[in-house]
Each structure stands twice: as structure tokens, then as C-alpha cells.
Amino acid sequence: MLKPLKRQKLHESISEEVLKYIADHGLSQGDRLPPERFFCEQLQISRASFREAMKKLEGYGMIEIKPGSGMYLRAEKTILGEIADLKLRVSNEKRSLLEILDLREMMEQYAIEQIVSQGQSACLEQLEAIIAEYDRKREQGEIPRHEDYLFHKTLYECANNRLLLKLFQSIEDLENLWSAQVIDAVDAPIFGRETEPLHRQILEAMKNGDVKSAKRFMRKHFEILRSDLDRLDEKLFQ
């Protein structure tokens, strides 16, 4: 059963729901879609809004509208069709990733509190070594994605909370999938680049026992990631 839609970004939402229907029902190239009356009743939208959304999909080369016959999936997607498909997939995945970022921000701020309160000097030394390698790679023009991952993973490991670590391990698979399908697909190496100085600032605050500042820098870290997601959206939907 399809869900009624809100008016915000209505045309994009209609397109998403139609493509979701196509995927859920296993429709393939050349198959006929249900009539517009079906979608309008299910989504509780006007025919004018639905037709405008379908004109967009037709313009992308994803469907073909045959007057007096109906709507059909095109036999072959155009380049615009492939891009539109990626855009809609990104939109769905983005919502999930934003929720993951919210959860990670809370968990990593908790991890900071635990590490500092427990006086874990060995953990701080680990983080220092990771950042040193991070800086070395950056100076050589490399993208230190692995070191970025290790920095955050170490926070979870040092918090001495098995459930916290399991939660991180569960959600990191989703993040990696999103990265492989979306960020790499649109060649976005700048994603998260502005967070780089914050790793050092987080660590220095932790070494000084300044939990409040460390958490503030971590909050800024995730604010940048959310902003980068919005910019990625703009790049895809321009």
C-alpha cells in the first residue's frame, strides 16, 4: 500500500513513490504502469501534480507516455534516466544517513565523556598515532579515509561499553554501503574534508580533560557532515 504524501517537495515525492512501486512490483522494461487514477487515489494527490511528476520522469527517459494507451517503462534508459535514478536513490539513502549521523553524534559524545573520566592515557596515545598518520597522508596528497575511520572506531573501543561498540559496528555497514553507492558514484572526494582539523582539536581537548570543548568540536564535526550531505544533494539535483 502506498502512503499519502505531504505537499513539501511533492513532485519529487511522487516520482520516488512511483519508482518505489516499480521496484517493489518487479516491473521491467516495456511493462505498463497502473493508470494515473490508481496513483492519485493511493497517494491522495491531484492529477495535475501526478502528470507534472510523470512529465519529469519522461523527460529523464525513464518512462514513456503513450496517449490513449498508458505509461510504460522505457526499453532503455537514457543518461538522464540513469542520473535521475541515482538522484532518487540518494534522496532515500540520505534520510537514513542523517538519522545515523544523529545517533553517532550522541554516541561519540558519550564515548568522549567515558574516556576522559576514566583517564585512559593509552587510548589518547592511540588517537595521537592515528592523527599523526592522518597528517602524513594528507601531506602526501592522499585521502586518509582509513585513519578517519580508525579515529572514530577507537573512541568506541576505548569507551569500554560493549553495546556501544556493537551499535557502531552495526551502523558502519550502512554508512559504508551509502558511501560506495553514492559518494564514490558521484566522485565527491571533498566529502568530510572540512572535519579534518577537528580531529586534532577533539583530541587536544580530551588530553586537557576539557570534555565540554571536546564535545563541542565533535558537534561541529557532525554539523559539517550534514552540510556536506546537503551540498551533495545540490550537486546531484542541479
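Tabulated results
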read-out: Matching residues in segment 105-143 - criterion: being touching a helix residue (DSSP H, G or I) at 6+ places or on another chain (Cβ under 8 Å) and not in a helix (DSSP H, G or I); value: 120, 143
read-out: In segment 23-64, the residues that are under 15 Å from residue 12 (Cβ atoms) and assigned to a loop (DSSP other than H, G, I, E, B); value: 45, 60, 62
read-out: Selection within segment 182-238 - at pLDDT below 90 and hydroxyl-bearing (Ser, Thr, Tyr); value: 195, 227
read-out: Some residue of segment 84-99 being surrounded by 16 or more Cβ atoms within 10 Å (Cβ to Cβ), assigned to a helix (DSSP H, G or I) and at pLDDT 70 or above; value: yes
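The values are calculated or read from the model by the stated rules, or taken from the named source; none is laboratory data. Here the structure is a predicted model, which is why all the values come from computation and not from measurement. As a convention, Cβ positions derive from the backbone with ideal geometry for all residues, glycine included, and neighbour counts pool all protein chains shown.
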